[in-house]
Structures are given as C-alpha cells and as structure tokens.
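K.L.:
Mind looking over this structure? Questions follow.
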Amino acid sequence: MSDYLIPASYGEIEYVEKRSRFIARLWHVENEQEALERLKDTREKHWDASHNVYAYSVKSTGATRFSDDGEPSGTSGMPVLDVFRKAGIQDFCCVVTRYFGGILLGAGGLVRAYSKAAAMALEAAGKAKMTLLNNVSLICSYPQYERIKAELSRFDAVIEATDFAADVDLTLSMTPESFDKFLPRVTELTAGTALIELTGQSMMPVRVE
C-alpha cells in the first residue's frame, strides 16, 4: 500500500468577498456515507444560505463528487475539488457555504472565491500522510524500559499503549524500515531478554508540515 495525503484534522474558516460571506469546512472521511452525512448536517445548519457547494473524494472506492449547488456551472464545485487534487489530498469532504452579499462576482470571481475558501480550510486543517506502519509488542523489565524509552525517538517509534504490571508491556507503531533497525538495538540494550514481536501492519496518519 502506498502513502497518500489526507486532512490532518477538521478545518473551518470564514471570510468575506464583496459582501458575500464564505464559510468553508473540511473533514477527513473514510467512506462516502460519512461525506454525505457531513453534507447533510451542513445543509441543515445553513438552510438559509444562498449555496452549499461541496466536493468529496474517497480513495478506497474511487467515489468523487462535487456540486455547484446553483452557482453557474464550473464556477464552484470543480474549483473546490481542484484545490485538493492539486494538493494530492484524498479521503476528504469540503463544503463551502455562501451567503450572497448583493454584489455579483462574475465567473472568474466565483472560481477565485471558492478556490480561496477551500485552500484556507486545508491550511487550517493541515495535512497528514497515511503511512504503512508496523504494530509492535515489546515486553521488558522496568530498568530496561527506561533505556528503551530513551531510544524510541531515534526510530520514530510511537507508544500507542503501555501496561505496567510485573513487566512493562508496550504497544508501539513505527515504519517497517525503522523496525528493522530497532530490533537489533533492543536486543543489544536488553541482552536479548526483552520479548519483541511484530503483531501486524496498518495504515495510520502521520502529520506533515
């Protein structure tokens, strides 16, 4: 499975262009039903808006949809979608709500306004990379735990869970490349007495700048 980008978190912005009020909201979604629910919620909340323009795309099924919602064809839904396509973002739903301010923006103005709103929402949300990570179980003694914990940052390992019992039972996530380097280091630190095993792999988000 190859890496791909998603919104890192929920993003929302608001700005005014020639008296028209634009509110852009961006979510990470895992399926089309979730995208449709976000759209439904926004339409219900902003039932009095002039337009609720949207775009969404789901990687697993290839579902990609957009709507101008009454704006002139090609001036809103597709420009919103293009913002995320150009940024390489997948698994997203973006809804841009417009309250008309009485001044016509023209086709070019609408494209710029909706594109700007979507780009601002993406900036607010940030980006994360869905990356294949190893799920690792590591059981060690308490003295060994302190030594191992001090090493984790070197291997970009993340502690997902810790169980302090007779020994310390760690659940870690890290890239396959890091795991290959981490394994001999654990053996060295614990003289081969720590129990470490690969329990699986999963795609997980890692925030990027």
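K.L.:
Scanning for something under 17 Å from the mean Cα position of the chain (by Cα) and crowded, with 20+ Cβ neighbours inside 10 Å, does the range 101-118 turn up at least one residue? Please lay out each step first, then the result.
P.N.:
Let us first name the residues in the range 101-118 that are under 17 Å from the mean Cα position of the chain (by Cα), namely 118.
Still in the running and crowded, with 20+ Cβ neighbours inside 10 Å: 118.
Scanning the range 101-118 turns up at least one residue that is under 17 Å from the mean Cα position of the chain (by Cα) and crowded, with 20+ Cβ neighbours inside 10 Å.
K.L.:
With the range 58-159 as the region, which helices (runs of 4 or more DSSP H) entirely inside it contain at least 2 residues that are hydrophobic (A, V, I, L, M, F, W, C) and modelled with pLDDT of 95 or more?
P.N.:
Details: elements: 77-87, 106-125, 142-151.
Counting at least 2 such residues, we get 77-87, 106-125.
K.L.:
Turning to a different aspect of this structure: What's the number of the only condition in (1) in contact (Cβ under 8 Å) with a residue 40 or more places away in the chain; (2) surrounded by fewer than 18 Cβ atoms within 10 Å (Cβ to Cβ); (3) closer than 30 Å to Val29 by Cβ that Ala121 fails to meet?
P.N.:
Against the list (1) in contact (Cβ under 8 Å) with a residue 40 or more places away in the chain; (2) surrounded by fewer than 18 Cβ atoms within 10 Å (Cβ to Cβ); (3) closer than 30 Å to Val29 by Cβ, Ala121 comes up short only on (2).
K.L.:
Is there any pair with a first residue in the range 148-166 that is over 22 Å from Thr131 (Cα atoms) and a second that is of a type in the set (Asp, Glu) and at pLDDT 95 or above whose Cβ atoms are under 9 Å apart and which are 6 or more apart or on different chains, and what are they?
P.N.:
Partner pairs satisfying both residue conditions: Thr162/Asp169; Asp163/Asp169.
K.L.:
Across the range 155-209, what is the number of residues that are more than 21 Å from Asp3 (Cα to Cα) and either loosely packed, with under 12 Cβ neighbours inside 10 Å or not assigned by TED's automatic domain parsing to the domain that holds Asn134 (or both)?
P.N.:
Residues meeting the conditions: 10.
K.L.:
Also: Filter the range 1-46 down to residues that are of a type in the set (D, E, K, R) and part of a strand (DSSP E or B) and give me whichever is farthest from the chain's Cα centre (by Cα).
P.N.:
Taking the range 1-46 as the starting set, the residues that turn out to be of a type in the set (D, E, K, R) are 3, 12, 14, 17-19, 21, 25, 30, 32, 34, 37-38, 40-41, 43-45.
Cutting the leftovers down to part of a strand (DSSP E or B) gives us 12, 14, 17, 21, 25.
Working: Glu12: 14, Glu14: 20, Glu17: 28, Arg21: 26, Arg25: 14 Å.
Checking each candidate, the answer is Glu17.
K.L.:
Give the residues of the range 84-100 that are without any contact (Cβ under 8 Å) to a residue 40 or more places away in the chain and either buried (at least 22 other Cβ atoms within 10 Å of the Cβ) or outside the structural domain of Val29 (by TED's automatic domain parsing) (or both), sorted by residue number. Spell out the reasoning first.
P.N.:
Of the residues in the range 84-100, the ones without any contact (Cβ under 8 Å) to a residue 40 or more places away in the chain are 84-86.
Matches in the range 84-100: Phe84 only.
K.L.:
Please list, ordered by first then second residue, the pairs with beta carbon atoms under 8 Å, 6 or more apart or interchain, first in the range 7-32 and touching a residue at least 12 places away in the same chain (Cβ under 8 Å) and closer than 15 Å to Ala49 by Cα, second part of a strand (DSSP E or B) and small (Gly, Ala, Ser).
P.N.:
Ala24/Gly11; Arg25/Gly11
The values are calculated or read from the model by the stated rules, or taken from the named source; none is laboratory data. Note that the structure is predicted; figures quoted are calculated from it, not measured. Every residue, glycine among them, receives a Cβ derived from its backbone with ideal geometry; neighbour counts consider all protein chains shown.
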